[in-house]
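*Asks:* Got a structure here, written out as structure tokens. Questions coming.
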Amino acid sequence: MSQIDLIIFTSIVLLITFSLGWLAHVLVEKLFYKSERKQTNDQVMAEAFLNAESEHALIVDKLKKSDAELTNKLAQTQAELKATMDGLHIARVEIESLRENSQKTRKRKK
């Protein structure tokens with residue numbers, strides 16, 4: 001084998017080795033990117049789930065706060081209604097007694 005044949009043979013072997021290495025690198029890179037994309041999708045879904053959970057917790061807190069406020073307003077309104085009804089009852093009783101007194105004084109004047 002001459003020196004030129006040896007150089008050509010070595011060049012071809014190196015070219016084939018480089019080509020196989022590059023092909024292996026491309027295949028590994030594609031497989032890695034697919035798994036990385038899958039992880040990215042999983043991460044996006046996990047973040048969306050965590051955001052939904054936090055929003056749900058905030059909404060539940062707001063609803064509980066709103067419910068407590070409405071319950072307090074209802075209790076105040078019921079207390080005011082009871083006080084008003086009691087005052088109305090007292091006023092009616094007083095009016096009735098004043099009518100009776102008025103009728104008695106009219107009868108006495110006659």
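*Asks:* Just to be sure I understand the filter: pairs with C-beta atoms under 8 Å, separated by 6 or more residues or on different chains, first member in segment 19-43 and on the phi < 0 side of the Ramachandran plot, second member of a type in the set (Phe, Trp, Tyr) and at pLDDT 80 or above. Which pairs pass?
*Replies:* Matching pairs, first to second residue: none at all.
*Asks:* Follow-up question, since we're still on this one. Only one of LEU58, LEU98 is part of a helix (DSSP H, G or I), modelled with pLDDT of 95 or more and either surrounded by 10 or more Cβ atoms within 10 Å (Cβ to Cβ) or of a type in the set (A, V, I, L, M, F, W, C) (or both); which? Walk me through it before giving the result.
*Replies:* Numbers: LEU98 fails: modelled with pLDDT of 95 or more.
Testing whether each residue is part of a helix (DSSP H, G or I), modelled with pLDDT of 95 or more and either surrounded by 10 or more Cβ atoms within 10 Å (Cβ to Cβ) or of a type in the set (A, V, I, L, M, F, W, C) (or both) leaves just LEU58.
*Asks:* Sticking with this structure for a sec: Pick from segment 33-52 the residues that are of a type outside the set (Gly, Ala, Ser) and at pLDDT 90 or above: which of them is farthest from the chain's Cα centre (by Cα)?
*Replies:* GLU47
The values are calculated or read from the model by the stated rules, or taken from the named source; none is laboratory data. Computed from a predicted structure; not experimentally measured. Counting neighbours? That spans all protein chains shown, and the Cβs are built from the backbone with ideal geometry, glycine included.
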